[in-house]
1. In this structure, is residue 44 touching a helix residue (DSSP H, G or I) at 6+ places or on another chain (Cβ under 7 Å), closer than 30 Å to residue 13 by Cβ and surrounded by 11 or more Cβ atoms within 10 Å (Cβ to Cβ)?
2. If you scan the stretch 13-36, which residues turn out to be under 23 Å from the mean Cα position of the chain (by Cα), surrounded by fewer than 10 Cβ atoms within 10 Å (Cβ to Cβ) and assigned to a loop (DSSP other than H, G, I, E, B)?
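Please treat every number below as a calculation from the coordinates, not as lab data. Here the structure is a predicted model, which means the values were calculated and not measured. Methodologically, a virtual Cβ is constructed for each residue, glycine included, from the backbone with ideal geometry; neighbour enumeration extends over all protein chains shown.
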């Protein structure tokens, strides 16, 4: 299941953060929950993409090799 398809339900969790960073964030009135959630969401999305590319690399390589050898499907009828 892709992370973006999940409902935006939230759950409390514990994090361990560097004291100096936490204090600076508090002084700046940064919403830690929102920043962590946003960053983690993007990190998970990039990791899902990376894993998809890794898992599908053999197929993509074979497909590209076929295109290189045979050209695009229906390429002979292309008018542009």
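1. yes
2. Once the filter is applied, which keeps residues that are under 23 Å from the mean Cα position of the chain (by Cα), surrounded by fewer than 10 Cβ atoms within 10 Å (Cβ to Cβ) and assigned to a loop (DSSP other than H, G, I, E, B), the stretch 13-36 yields 13, 15.
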